[in-house]
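The values are calculated or read from the model by the stated rules, or taken from the named source; none is laboratory data. Keep in mind it's a predicted model, so treat the numbers as computed, not measured. In this analysis, Cβ positions are derived from the backbone assuming ideal geometry, glycine residues included, and neighbour counts consider all displayed protein chains. Just the protein is used for accessible areas: all its heavy atoms, side chains included, with ligands, DNA and RNA removed. Shrake-Rupley method; radii C 1.70, N 1.55, O 1.52, S 1.80 Å.
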Amino acid sequence: MSQHEVTLLLGSNVGNTENNIKTAIRLLEAKIGTIIARTEMITTEPVEFDSNNFFCNIAIVIKTQYSPISLLKQLKAFERLMGRSTDTSVSKIYEDRIIDIDVIFFDKISFYSTELIIPHEKHLHQREFSRRLLDELMNIKKQ
């Protein structure tokens, strides 16, 4: 099977946010593939909804054998396993969450389905914290 290079953004703003991110990363490494690059964790304000809880965010690049939809199903299962009860893509409402894992890039493909759009346009063009993390990740990969 071929290996795919996938960029993910992880975020948490409920409970011990840094530990939530670390737990998600351990799950990704155990079940999805090898992490080949990661940014530092940053603290950010909520975007597109009001909350008093700040987010902990990180960007990673992982090598995986999963297809885009299979990967998405695994990521959603991890979110549920960690305690996330609602999915923004279904509810269309942003709210506090213990973990959020978004696929930003998958190799160099463009992918469009009702479940998943790659590249993730909001993170690329509308969210400053995402651009900051993705720029940092690009610099790390160049080294």
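Side notes on the structure shown:
- Net charge dipole size for the chain [Lys, Arg +1 and Asp, Glu -1 on Cβ; Debye, nearest 20]: 500 debye
- Surface composition of the chain: carbon and sulfur atoms hold 50% of the protein heavy-atom accessible area at a 1.4 Å probe.
- Stretch gain in nm, segment GLN3-GLU45, where the contour uses 0.36 nm per residue and the Cα spacing is subtracted: 11.7 nm
- Förster radius 30 Å - calculated FRET efficiency between ASN139 and ALA77, Cβ distance, rounded to 0.05: 0.40
- Share of pairwise Cα-Cα distances greater than 15 Å in the range 10-83 is 58 percent (whole percent).
- Panel note: the C-alpha atoms of the chain, placed on their principal axes, show extents of 43, 32, 28 Å (largest first).
- Ordering of 25-31, 49-55 by burial proxy (mean other Cβ atoms within 10 Å per residue, highest first): 25-31, 49-55
- Once both labels are positioned 7 Å from their Cα atoms along Cα-to-Cβ, the gap between ARG131 and LYS63 label points is 3.2 nm.
- Per residue solvent-accessible surface (Å²) - the chain, probe of 1.4 Å: 56 Å²
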